[in-house]
Amino acid sequence: RKRGLWDYDKTVERRLRRKIKNRESAARSRARKQAYHNDLLTKVSILEEENTKLKKEKEFDEEGA
């Protein structure tokens, strides 16, 4: 079966739409990954502060005992 110009245009249009959707999806994925990374950095910072605080408390308790 021969393909008409109409069929070719539809195929190209579908391919371009899919490419655009894929780029948008990739951009969303990168944004989610960045947000997750930032969230982890925040949690690490909080835990490091808490760890430092607990170490100081431990030192203080050991000196007083």
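If you take the residues in the range 44-65 that are among the small types (G, A, S) and assigned to a helix (DSSP H, G or I), which one is least open to solvent (accessible area, probe 1.4 Å)?
S45
Say whether the condition of being of a type outside the set (D, E, K, R) and not in a helix (DSSP H, G or I) is met by at least one residue in the range 21-32. No, the range 21-32 has no match at all.
Condition check ((1) among the hydroxyl-bearing types (S, T, Y); (2) open to solvent by less than 70 Å² (accessible area, probe 1.4 Å); (3) touching a Gly at 6+ places or on another chain (Cβ under 9 Å)) across all residues:
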site	(1), (2), (3)
L16	no, no, no
R23	no, no, no
A27	no, yes, no
Q34	no, no, no
H37	no, no, no
T42	yes, no, no
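Filtering the range 2-20 for residues that are outside any helix (DSSP H, G or I) and of a type in the set (D, E, K, R) leaves a non-empty set.
The values are calculated or read from the model by the stated rules, or taken from the named source; none is laboratory data. These figures come from a predicted structure and were not determined experimentally. All Cβ positions, even for glycine, are placed from backbone atoms using ideal geometry, and neighbour counts span all protein chains on display. Note: areas computed on protein heavy atoms with side chains; ligands, DNA, RNA excluded. Shrake-Rupley method; radii C 1.70, N 1.55, O 1.52, S 1.80 Å.
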